[in-house]
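The values are calculated or read from the model by the stated rules, or taken from the named source; none is laboratory data. Here the structure is a predicted model, which is why all the values come from computation and not from measurement. When we count neighbours, we look across all protein chains shown, and the Cβ atoms used for this are built from the backbone with ideal geometry, even at glycine.
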Amino acid sequence: MSTPDVEETDPGHPERTRAYRAVPERGGRILRAVYVRDGDMIRIITVFFDRGRRRVRT
């Protein structure tokens, strides 16, 4: 997910970033990735389809 639709700071862990992207191959479901950036390194913490996130309507 190098180009997310939306990025936001995780409210419970300010050092983490949440990134969201709609996946057309999965009916527009929203994939959520949580990661930490440390210089040039990115550590992925979780990646899953977020049931609570609304789909973008086109």
- [ ] Quick one: in segment 20-44, of everything that is of a type in the set (Val, Ile, Thr) and within 12 Å of the chain's Cα centre (by Cα), which residue is modelled with the lowest pLDDT?
- [x] VAL23
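Per-residue answers, yes or no, for (1) small (Gly, Ala, Ser); (2) part of a strand (DSSP E or B); (3) without any contact (Cβ under 8 Å) to a residue 12 or more places away in the chain:
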residue: PRO4; (1), (2), (3): no, no, no
residue: THR9; (1), (2), (3): no, yes, yes
residue: GLU15; (1), (2), (3): no, yes, no
residue: TYR20; (1), (2), (3): no, yes, no
residue: ARG32; (1), (2), (3): no, yes, no
residue: TYR35; (1), (2), (3): no, yes, no
residue: ILE42; (1), (2), (3): no, yes, yes
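Picking from THR58, THR17, THR3, THR9, which residue would you name as being surrounded by fewer than 13 Cβ atoms within 10 Å (Cβ to Cβ) and modelled with pLDDT of 95 or more?
Answer to the selection: THR9.
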